[in-house]
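Here, each number is a calculation from the coordinates, and none is a lab measurement. None of these values were measured; they are calculated from a predicted model. A quick note on method: Cβ atoms are made from the backbone with ideal geometry, for glycine too, and the neighbour counts reach across all protein chains shown.
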Amino acid sequence: MRDPETNALDGDPQQKVFIKTYGCQMNVYDSERMQDALTASGYATTDDASAADLYLINTCHIREKATEKVYSEIGKLKKMRNAKREAGGDMTIAIAGCVAQAEGEEMIRRAPAVDLVIGPQAYHNLPRLLEKAKGGARIVETGFGLDDKFANLPAPQEKRVKAGGVSAFLTVQEGCDKFCTFCVVPYTRGAEVSRSVAQIVAEAEKLAANGVRELTLLGQNVNAWHGAGEGGREWGLGELLFRLADVPGLKRLRYTTSHPADMDDALIAAHRELPMLMPYLHLPVQSGSDRILKAMNRRHTGADYCRLIDRIRMARPDIALSGDFIVGFPGETDADFEDTMRIVADVGYVAAYSFKYSPRPGTPASEMDLMVDDAVAQARLERLQALLASQQQVFHNSLVGRDVEVLVEKPGREAGQRIGRSPWLIPVVLPENSGHIGDVVSVRIVGSGRNTLQAEGANARSRAA
Ligand code: SAH
Ligand code: SF4
Ligand code: F3S
């Protein structure tokens, strides 16, 4: 018999899992779903790594020495397990995510401490594979598209949703068919797959019924989502957003990450017609140089991107943009880099992620000549980041004195405060009496910092959590 509260079996001290998550929001979502699957099979979650019977790392492979870092972390876990074994305990070590997918069998060979290597398409098999691993087998499961993992994972758990607060992720699309020459995602996550409308709507309804007010739809290439809509017509992400706008309880919608080539008219129309679709769009351009964009296989020019931004701004004039940039792609000249600086100056971003190019094993760019000298790439990165940071600060300052709609999310660090989220994701510190958690309230912004905004009446000394 299972205890209905703890899910533990009679006479069986409950097994505890510690999960460490790296990488993108899709990994965050996957970790939550794995946690649900483990809870359903009797595990409790712990924040104390030393108390864990199962240590699960959900890894990311996107940049720099990711693989080496995972191996060095496994080395530390091995020591931790040895100490536990000396004290009569034990610990299972499981590696999930994109490094697990990329390394596969190699990980079992190189790291004898690892019990289970599981790729992102196999998470629904996690409890079953763990049972096998406990029997002494060392297991690698990195197949693609065997069955629909989300349909086979338990639905998000009510308890977790409640603890998780008013904003939630929902993965609607996985994988990528774009094959940008620098990127590992098409190899670690496989081909593009869209979840069905019925599955997405059911999950959104369940989340909303449990108190979620803001939903962020996720996909490596989320605006390539498509599926058979209600009534049999083919839908794209725009139509899906219109449908989700009808889910009772939801107040805000977002989606990330998008590719410029997949922004279609219906999606732009959603920005025009759906006030609950937040006026904030992450639309990476990577470079402003047409030559480099071509070598990256991005399938658009700088001018195409700027025209697209104009169309989106026509639909939603107050939309704020964020982006991703890579500097030092093989062959990037000073003139190419100046094109990137120019496109940033032209578009104007309120937030951005910028990186030095890092060669990823197995990608076409990793075999290209003309690697940019690291000192040159570093200097370019610093110039770009200074420009992006100044644009961000100008935007934050422009909000001072304005009334802004904020979703109240959680208690603040100091008594009498709450933390809320602006339409542009910037946290806002606001007084407790502004509203209940889950409410959208209008507050006057009176101060701006690098990472937070201050609403009228909130203690000026404080910062957001
Ligand atoms: N699907 C998204 C991005 C996924 S990866 C898109 O199409 O833009 C997130 C970001 O990591 C990328 O936008 C890119 O800027 C960065 N990135 C990916 N591979 C990289 C590499 N090899 N070196 C440096 N940055 C990289
Ligand atoms: Fe990677 Fe390009 Fe796909 Fe984005 S669109 S995940 S950068 S291959
Ligand atoms: Fe990293 Fe994989 Fe996401 S490589 S960015 S965890 S898709």
Arg444/Arg63 FRET efficiency (R0 41 Å; Cβ-Cβ; nearest 0.05): 0.55
State, as an integer percentage, the relative contact order of the chain based on alpha-carbon contacts under 8 Å between residues 6 or more apart. 9
Work out, step by step, the length gained on full extension between Asp290 and Phe144: first 0.36 nm times the residue separation, then minus their alpha carbon distance; give nm to one decimal. 49.2 nm
Positive-end residue of Phe395, Gly88, Gly143, charge dipole of the chain with Cβ unit charges: Gly88
Once normalised by the length of the range 403-463, the mean sequence separation of its alpha carbon contacts under 8 Å that are 6 or more apart gives a contact order in percent of 34
Approximate spin-label separation Cys306-Gln393, in nm, with each point projected 7 Å along Cα-to-Cβ: 2.6
Could you sort 365-378, 426-439 so that the peptide with the highest average Cβ count within 10 Å comes first and the rest follow in order? 426-439, 365-378
Kyte-Doolittle mean at least 1.6, axial Cα span of 15 Å or more - DSSP H helices of the chain: none
Output for the range 35-125: trypsin sites (Lys or Arg not before Pro) sitting in coil per DSSP, at most 13 other Cβ within 10 Å, listed by number, reads Lys65
Among the lysines, select those whose C-alpha is under 18 Å from the C-alpha of Lys251, and discard any that sit fewer than 8 residues away in the same chain. Lys162, Lys206, Lys410
Counting DSSP beta bridges with both ends in the chain, the antiparallel % (nearest 5): 35
Dividing the alpha-carbon radius of gyration of the chain by 2.2 N^0.38 Å (N being the number of residues), what value is obtained? 1.02
Would you mind computing, in nm to one decimal, how far apart the modelled labels at Ala386 and Met341 are, each placed 7 Å from Cα along Cα→Cβ? 0.9
Where the Cα pairs of the range 317-398 fall when distances are cut into 5 Å bins, in %: 3, 14, 24, 21, 15, 11, 7, 3, 1
Just to be sure I understand the model, the point goes 7 Å from the Cα along the line to the Cβ. What's the resulting Ala51 to Ser196 distance in nm? 4.0
So which trypsin sites (Lys or Arg not before Pro) in the range 218-262 end up in coil per DSSP with only 13 or fewer other C-beta atoms within 10 Å? Arg233
As a quick test, which of the pairs Lys20/Lys69; Lys16/Lys134; Lys78/Lys134; Lys20/Lys76; Lys65/Lys149; Lys84/Lys134 have an alpha carbon distance above 18 angstrom in this structure? Lys65/Lys149
Rotationally averaged projected area of the range 403-463 (alpha carbon convex hull; nm²): 3.4
Residue-count net charge about Leu237 - beta-carbon cut-off 13 Å; Lys, Arg +1, Asp, Glu -1: -3
Rounded, prolate or oblate for the range 202-251? Axes are the square roots of the Cα gyration tensor eigenvalues, ordered a ≥ b ≥ c, and the cut-off for rounded is a/c under 1.5. oblate
In square nanometres, what is one fourth of the surface area of the convex hull spanned by the alpha carbons of the range 16-141? 7.0
Of the options Cys176, Ala365, Val99, report the single residue whose Cα projects farthest towards the positive end of the charge dipole of the chain (beta-carbon charges: Lys, Arg +1; Asp, Glu -1). Val99
11 Å tail of the calculated P(r), the range 339-383, as % of Cα pairs: 75
Highest first, please rank the peptides 281-290, 19-28, 407-416 by the mean number of other Cβ atoms sitting within 10 Å of their residues. 281-290, 19-28, 407-416
Kindly provide the Kirkwood hydrodynamic radius of the range 73-135 in Å, to one decimal, from all pairs of distinct alpha carbon atoms. 12.3
Let me see the pair-distance distribution of the range 95-232: every alpha carbon pair, 5 Å bin width, integer percents in order. 2, 9, 15, 18, 18, 16, 13, 7, 2, 0, 0
Qualifying GluC sites (Glu not before Pro) in the range 164-236, DSSP loop, other Cβ atoms within 10 Å at most 15: Glu230
Could you run the Debye sum over the Cα atoms of the range 170-274, one equal point scatterer each and no solvent, and tell me log10 of I(q)/I(0) at q = 0.16, 0.18, 0.20 Å⁻¹, two decimals? -0.69, -0.85, -1.03
Given Cα positions, please report Rg to Rh for the range 248-386, the hydrodynamic radius being the Kirkwood one. 1.02
